[in-house]
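Comments concern the structure below.
Bear in mind that the values in this text are calculations on the coordinates, not laboratory data. What you see is a predicted model; the values in this text were computed from it and never measured. Cβ placement follows ideal geometry from the backbone for every residue including glycine, while neighbour counts extend to all protein chains displayed.
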């Protein structure tokens, strides 16, 4: 049953991480977080970190292929001029670039990758102009890299394309539009192309503005990451509201977690599930040096690498 998670049940894990935007849990139960100080860091059972690789830029959304390699969407930032799609071998620490340009233009803000059953990597690219994107510039897009390395833009025109999700039968691709403050979905056709986007659920809140009180922030609708549970609820992080909601199959919006002051859960960016029962919930952030763990009332939908 979809019941809200009390804030008191959240616990910090992986303390010492740098910008841990996302978490991925392997089939073997090992927990990995994106980490700007390396590429990814394994959060060991005793709470310590094992940093692996060197990605540069800002490792952002991460996922895993069926061979246990970690796919990293690099958001650029800092001294990094580009934001490529990378892949980390967690055994050797080697980081390879899967894609650094598309249609002759360098990638600068790859945001979140997800893999389908065929081994394709779908990845969002938020914007080419970070400043103008905050004013609603619709230059975000989703690209796909096939197992043979061929890459193509699959859909465009998003207002800051962010988190992605696939439903259980891979019939739709779901895209968080941060500046649109909503989620849209696009049908995946038999030939692998995408159909037109349609809104999935309502606009989830108001535009952000500086100097807001906690009560005002609670109404901000900027979406960041998303993921499905096994009952078909799409969990979405409302990053500026310090809130995690779920959109039910009937499009009802249920608040699962809310930290009005952001003292513990500040700027939640992604939700990920793992564990033997898929009820270990992890919440990433770019504002803290830890990720949060809770027990989920509903098991998460296993991703390709967890099946």
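Below is a table of values for the structure above.
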item: Protection proxy ranking, peptides 263-274, 46-57, 147-158, average beta carbon neighbours within 10 Å, highest first; result: 263-274, 46-57, 147-158
item: Tail beyond 21 Å, pair distance distribution of segment 78-234 (Cα, percent); result: 49 percent
item: Per-selection metrics, segment 1-91 (Cα): Rg and Dmax in Å; result: 14.0, 46
item: Structure-based [θ]222 nm, the chain - -39500 (n - 2.57) summed over DSSP H runs of at least 4, per residue, nearest 500; result: -500 deg cm²/dmol
item: Residue 276-residue 138 FRET efficiency (beta carbon distance; Förster radius 30 Å; 0.05 resolution); result: 0.10
item: Estimated D of segment 198-307 in µm² per second, where Rh is the Kirkwood radius over Cα pairs and Stokes-Einstein applies at 37 °C, 0.692 mPa s; result: 230 µm²/s
item: Segment residue 8-residue 252, length gained on full extension (0.36 nm per residue, minus Cα span); result: 85.3 nm
item: Stretch gain in nm, segment residue 295-residue 264, where the contour uses 0.36 nm per residue and the Cα spacing is subtracted; result: 9.5 nm
item: Peptides ranked, highest mean first, by Cβ atoms within 10 Å: ranges 173-183, 214-224; result: 173-183, 214-224
item: Percent of C-alpha pairs per 5 Å bin, segment 253-304, short to long; result: 5, 19, 26, 25, 16, 7, 1, 0
item: Against the rule of thumb 2.2 N^0.38 Å, how large the Cα Rg of segment 1-157 comes out; result: 1.08
item: Estimated FRET transfer efficiency when R0 is 35 angstrom, pair residue 193-residue 67 (beta carbons, to 0.05); result: 0.85
item: Calculated FRET value between residue 150 and residue 130, using beta carbons and R₀ = 30 Å, to 0.05; result: 0.60
item: Volume in Å³ per residue [convex hull over Cα atoms, computed for the chain]; result: 122 Å³
item: Cα-based Rg of segment 165-256 normalised by 2.2 N^0.38 Å, two decimals; result: 1.13
item: Gain in span if fully extended, residue 28 to residue 92, counting 0.36 nm per residue against the direct Cα distance; result: 21.3 nm
